[in-house]
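Here the structure is laid out as structure tokens; the discussion comes afterwards.
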Amino acid sequence: MNFINDFKNGLLSWFKAVGFIFKHRLHWFFVIPLLLASLLFGAFYILLEQFRSPFKSLLSSWINLPFINSFSNAIFTIFEIVLLIFSSLLIGHLLNIFLSPVYAWLSEKTASLITGKEFKFSFFQLIKDIFRGFLISLRNAVLSFFWSIILGLLGLIFPPIAPFFVIGVNAFFFGFTFIDYNCERHKMGYKDSINFIRSHRWGAIAIGLFMAFITPIPYLGVFMAAFMGIINTVAATIFFYTIHTTPDICT
């Protein structure tokens, strides 16, 4: 069954990627995402603090009934946790958008190490890869947030299963983003890339699964996502060459 093989290959690629990074001394790539994650986290934290007190005051003014007012702190705490979770997810997607040049470069370097082939440098191709990576990351971030909100609202009706669907959706779009760097490098068009990744959706889910689990964790998830992006880039490249074994894939 193809979906089982894709999921297995995706998970195996992820674990292989960790060893691959240190074996080939690619660990210095972790520095750039970590610095950017720190900046984004700081900016979002300051922004949330600016709105924290006014929102609490506004909530208290809306809730005037004595019975309901006693629960205002609990309501505010729940809202704050949900906001932190979605903020962490947003930062995770923003990292993918802003770091698309780094991920494109790392994906190409990983492909060279796997295939033994040096890809000819082209400034035009580099700009094209960066622009494509930016658009794909932006598209996936928007779709991921849209479905996360829809599934989050459905979670009010089916609370036990909603988180798993939200994680699954984010895992797919995270994995999609990283696999696409390989599709672009091998001249797949936008629609061809979407069809290709959809046909291997379980591999994409497996690659993005750890990032989708960890990123929503308030505070810690943002910094873990910085590391996950590098691992996912290498894992997606390993996965791509695992399922694409035909000779023409390296041309």
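Worth a mention:
- Summed side-chain charge close to LYS128 - residues other than LYS128 whose Cβ falls under 15 Å, Lys, Arg +1, Asp, Glu -1: 0
- Sparse packing (at most 10 other Cβ atoms within 10 Å of the Cβ) combined with a DSSP loop state is found for the following chymotrypsin sites (Phe, Trp or Tyr not before Pro) in region 97-130: PHE121.
- Label-to-label distance, LEU39 versus ILE78, with points set 7 angstrom from Cα along the beta-carbon direction: 3.8 nm.
- Theoretical gain in end-to-end length, LYS23 to ARG198 [0.36 nm per residue, Cα-Cα removed]: 59.9 nm
- Label-point separation in nm, ILE150 to PHE98, each point 7 Å along Cα→Cβ: 2.9
- Charge tally for ASN232 (other residues, Cβ to Cβ under 14 Å; Lys, Arg +1; Asp, Glu -1): 0.
- Were the residues from LEU220 through MET188 laid out at 0.36 nm apart, the gain over their Cα-Cα distance would be 7.9 nm.
- In summary, the lysines within cross-link reach of LYS128, defined as a Cα separation below 30 angstrom excluding same-chain residues under 8 places away, comprise LYS16, LYS23, LYS109, LYS117, LYS120, LYS187, LYS191.
- Principal axis box of region 118-229, alpha-carbon based, largest edge first, Å: 52, 30, 21
Quick note: the coordinates plus some simple rules give every number you see, no bench work behind them. Worth saying up front: this structure is predicted, and the values here are computed from it rather than measured. A quick note on method: Cβ atoms are made from the backbone with ideal geometry, for glycine too, and the neighbour counts reach across all protein chains shown.
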